[in-house]
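To start, the structure under review is shown below, and the notes come after it.
The values are calculated or read from the model by the stated rules, or taken from the named source; none is laboratory data. Everything quoted here is computed from the prediction, not taken from an experiment. Cβ placement follows ideal geometry from the backbone for every residue including glycine, while neighbour counts extend to all protein chains displayed. Protein only, heavy atoms only, side chains kept; ligands, DNA and RNA dropped before computing areas. Shrake-Rupley method; radii C 1.70, N 1.55, O 1.52, S 1.80 Å.
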Amino acid sequence: MALSAKRLGEKIGLTSQEMNVLLKEEGYLNGEPGDYSTTDKGKEYVSEKGWDNGYGGYAFRGYNYNEWDESILNNIDTSPERLSQIRTKTANERRERSAKKKKESEEYWATHSPLYSDNNSLEESDCDESNNDILGSLAIIGVLAYGLYKGIKHLYNRHKDNKKID
């Protein structure tokens with residue numbers, strides 16, 4: 001029976017990410033999360049499948065995935081100790097990727113935003129008087145627009161009431 005990494009992992013108590021890490025460590029996969037490829041060792045146990053939504057052009061959505069022969073579990077170390085080691089390794093890798101992504105984001109915003117400070121918050125000292133002037137102008141425009149709306153609504157209702165009397 002052919003199973004996805006998710007279903008294969010469920011049989012031994014792992015998530016799909018953890019199962020892919022185990023397959024990689026056992027030599028059946030190469031690559032990184034989101035970009036795995038099958039090794040020569042893995043090709044005898046895998047078949048590639050594809051899915052798409054049936055649309056063409058801009059609306060097209062699709063992806064490819066691997067289905068593994070369930071017999072691969074007979075060739076992999078699935079002892080409780082090994083599974084615990086895989087869970088720990090996967091969690092550490094996930095934390096490292098998250099920290100790297102956060103650092104890259106902070107570096108980007110530090111160079112692309114004059115309002116971004118080292119402690120990731122906007123400080124009053126970062127806002128100059130021109131920003132305050134803009135906010136004040138927007139507030140005045142908002143009040144005037146609301147007043148205009150109420151005035152037009154009042155005149156319209158008055159006009160409607162006068163037509164009923166005639």
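Of the whole protein surface, Asp77 contributes about 70 Å² of accessible area at a 1.4 Å probe radius.
What range in the chain is the longest one free of GluC sites (Glu not before Pro) that are in a loop by DSSP and have at most 12 other Cβ atoms within 10 angstrom?
Values: sites that count: Glu44, Glu123.
The longest such stretch corresponds to 45-122.
Among the listed values (1) 42, 15, 13; (2) 59, 28, 15; (3) 23, 19, 17, the one computed from these coordinates for semi-axes √(5λ) of the Cα gyration tensor in Å is (2).
Shape call for segment 42-100 from the C-alpha gyration tensor, a ≥ b ≥ c root eigenvalues: rounded (a/c under 1.5), prolate (a/b greater than b/c) or oblate?
On the way: a/c = 4.37, a/b = 1.41, b/c = 3.10.
Note, shape of segment 42-100 comes out oblate.
Quick check for me: using +1 on Lys/Arg Cβ and -1 on Asp/Glu Cβ, what's the dipole size of the chain about its Cα centre, in debye to the nearest 20?
Details: 24 positive and 29 negative charges, 224 e Å.
For this selection, approximately 1080 debye.
Among Val143, Val21, the sequence by solvent-accessible area, most first, with a 1.4 Å probe is Val143, Val21.
Check every DSSP H run in the chain and write down those whose alpha carbon atoms cover 18 angstrom or more along the long axis and whose mean Kyte-Doolittle hydropathy is -1.0 or greater.
Numbers: long enough: 80-112 (48 Å, -2.05); 129-165 (54 Å, -0.34).
Flagged H segments are 129-165.
In the chain, what percent of the accessible surface is made up of carbon and sulfur (1.4 Å probe, ligands and nucleic acids excluded)? Write out the running numbers ahead of the final one.
Working: 6600 of 12590 Å².
Reported share for carbon and sulfur atoms: 52 percent.
Comparing Ala145, Gly31, Gln17 along the charge dipole axis of the chain, the residue lying farthest to the positive side is Ala145, per the Cβ-charge model.
Annotation note: chymotrypsin sites (Phe, Trp or Tyr not before Pro) in segment 1-92 located in DSSP loop regions with a Cβ neighbour count of at most 11 within 10 Å are Tyr55, Phe60.
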